[in-house]
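Notes follow once the structure below has been shown.
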Amino acid sequence: MKKWLLGLLAAALLSGCTGNAGNTQTADQIAQALDTQGLTGTVETAAQSRMQTLIGTPYTYTTEGGAQIGVFVYDDADAAQADAACVSADGFGYNREGADGTGYGVQTGWADAPHFYRKDNIILRYIGSDADVLTALEAVCGAQVAGSATE
């Protein structure tokens with residue numbers, strides 16, 4: 001009985017780990033998780049921008065303090081991981097190669113420091129330096145996958 005319970009507990013803990021293709025989140029679930037970390041905000045569908053490089057379905061989570069977090073939802077964690085790998089380590093570039101060998105690259109200048117996080121099938125993009133927002137993002141998603149150093 002103890003081994004079964006420990007196995008169940010281990011499976012539950014591992015289900016939240018980044019990189020598990022079977023776990024999916026919704027934008028609302030991410031918003032709820034951020035709310036539990038002290039950010040109060042709303043999530044809404046965002047318009048697909050011609051300048052948008054991330055290919056997930058876009059949403060915006062806006063905190064009561066006015067911070068905006070881009071939320072990009074993918075079909076599964078593998079798709080999110082593949083797109084996150086296209087973001088340069090510093091968060092200022094995006095390079096994607098298609099299956100046919102063609103691709104494109106974008107370099108951008110952000111208004112503030114870029115931060116990219118991934119949680120299961122979701123990528124979050126925060127352009128800013130608010131310590132409370134960064135702390136909440138790290139608590140929900142773990143360490144950022146690309147972007148400026150957090151201090």
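Does residue 140 satisfy being out of contact with any Gly (no Cβ under 6 Å at 6 or more places or on another chain), open to solvent by less than 60 Å² (accessible area, probe 1.4 Å), touching a residue at least 60 places away in the same chain (Cβ under 8 Å) and not acidic (Asp, Glu)? Yes; evaluated as a whole, the condition is true for this residue. For beta carbons closer than 8 Å, sequence separation of 6+ or different chains, a first residue in segment 40-60 that is of a type in the set (Lys, Arg) and a second that is at pLDDT 85 or above and crowded, with 18+ Cβ neighbours inside 10 Å, there are no qualifying pairs. Scanning segment 36-55 for residues that are modelled with pLDDT of 90 or more and crowded, with 17+ Cβ neighbours inside 10 Å turns up 39, 41, 43.
The values are calculated or read from the model by the stated rules, or taken from the named source; none is laboratory data. Small disclaimer: the values here were computed from a predicted structure and weren't measured. We place every Cβ from the backbone using ideal geometry, glycine too, and count neighbours over all the protein chains shown. Calculation scope for accessible area: heavy atoms of the full protein, side chains included, ligands and nucleic acids excluded. Shrake-Rupley method; radii C 1.70, N 1.55, O 1.52, S 1.80 Å.
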